[in-house]
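Beneath this line is the structure, given in structure tokens, with notes to follow.
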Amino acid sequence: MNIILLGPPGAGKGTQASRLVESRDMIQLSTGDMLRAAKTSGTEMGKIVADVMDRGELVTDEIVIGLIREQLEGDKKGGFIFDGFPRTLAQADALAELLAEVGEKLDAVIEMQVDDEVLVHRIVNRAKEAVAAGGTARADDNEDSLRIRLMEYYKKTSPLIGYYHAKGDLSSIDGLASMDEVEASIVKVLG
């Protein structure tokens, strides 16, 4: 089973992806994690990624698709969870082409719906809790950074909601429910 988790920053996509990895033996494809791993891998693709990142440039869609291709051609386990990809309509088209090319399909796109103001409150509290526990907050766990990230999400990524709805792949769930309730909603969608 191959799925996409959609939602704004802080909606809990990573948390739910981790739960699916545990419960269904799925493979989480987080583009950030894949880029960091590729950079240090020593592979041909890894050398390209390292060169681009070392120059401070953004990695192209073609490179990201290449990394995803490598993953799709490996052990499939219980399927793939696309976390943080696609982010744009062009990336969604590229992913559809790649899946068709390697004989895979997309089984579900799950939109985790959240209210922006509740999300901002959640992220600011997460930062406070991390500091109170003696840790450090993520650099982007503050209201100003989150609002900038939300604006980027609405400009570039939210059009994917209509895209996948039109294809009949989209299911929407309440992303502000408890972690267990969100997980139960995802499981219900996946069947």
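The values are calculated or read from the model by the stated rules, or taken from the named source; none is laboratory data. All values reported here derive from a predicted model rather than from experimental measurement. For neighbour counting, all protein chains shown are included, and Cβ atoms are generated from backbone atoms with ideal geometry for every residue, glycine included. All accessible areas refer to the heavy atoms of the entire protein, side chains included, with ligands and DNA or RNA removed. Shrake-Rupley method; radii C 1.70, N 1.55, O 1.52, S 1.80 Å.
Only one of (1) surrounded by 13 or more Cβ atoms within 10 Å (Cβ to Cβ); (2) farther than 25 Å from Gly175 by Cβ; (3) of a type in the set (S, T, N, Q) is not met by Thr40, so which one is it?
(1)
Among the residues of the range 80-100, is any open to solvent by 50 Å² or more (accessible area, probe 1.4 Å) and touching a strand residue (DSSP E or B) at 6+ places or on another chain (Cβ under 6 Å)?
Within the range 80-100, not a single residue is open to solvent by 50 Å² or more (accessible area, probe 1.4 Å) and touching a strand residue (DSSP E or B) at 6+ places or on another chain (Cβ under 6 Å).
Out of the residues in the range 79-93 meeting the condition of being more than 14 Å from Arg24 (Cα to Cα) and in a strand (DSSP E or B), tell me which one is modelled with the lowest pLDDT.
Asp83
Residue under question is Asp180, and the condition is that it be modelled with pLDDT under 95 and over 17 Å from the mean Cα position of the chain (by Cα); does it hold? Spell out the reasoning first.
On the way: modelled with pLDDT under 95: no; over 17 Å from the mean Cα position of the chain (by Cα): yes.
The answer is no for Asp180.
Suppose we keep only residues that are open to solvent by less than 40 Å² (accessible area, probe 1.4 Å) and under 19 Å from Thr157 (Cβ atoms) within the range 112-139. Which one would you say is nearest to the chain's Cα centre (by Cα)?
Per the stated criteria, the residue is Met112.
So for the range 32-39 (the condition being closer than 30 Å to Leu176 by Cα, at pLDDT 90 or above and either outside any loop (DSSP other than H, G, I, E, B) or touching a Phe, Trp or Tyr at 6+ places or on another chain (Cβ under 9 Å) (or both)), does at least one residue qualify?
No; the residues of the range 32-39 include none that is closer than 30 Å to Leu176 by Cα, at pLDDT 90 or above and either outside any loop (DSSP other than H, G, I, E, B) or touching a Phe, Trp or Tyr at 6+ places or on another chain (Cβ under 9 Å) (or both).
Residues of the range 45-78 being assigned to a loop (DSSP other than H, G, I, E, B), under 21 Å from Asp107 (Cα atoms) and open to solvent by 30 Å² or more (accessible area, probe 1.4 Å), which ones?
Glu73, Gly74, Asp75, Lys76, Lys77
From the set of residues in the range 148-191 that are in a loop (DSSP other than H, G, I, E, B) and of a type outside the set (A, V, I, L, M, F, W, C), which is most open to solvent (accessible area, probe 1.4 Å)?
Of everything passing the filter in the range 148-191, Lys167 is most open to solvent (accessible area, probe 1.4 Å).
Which members of the range 25-73 meet the condition of being in contact (Cβ under 8 Å) with a residue 40 or more places away in the chain and within 22 Å of Lys156 (Cβ to Cβ)?
Passing the criteria: Gln28, Leu29, Ser30, Thr31, Gly32.
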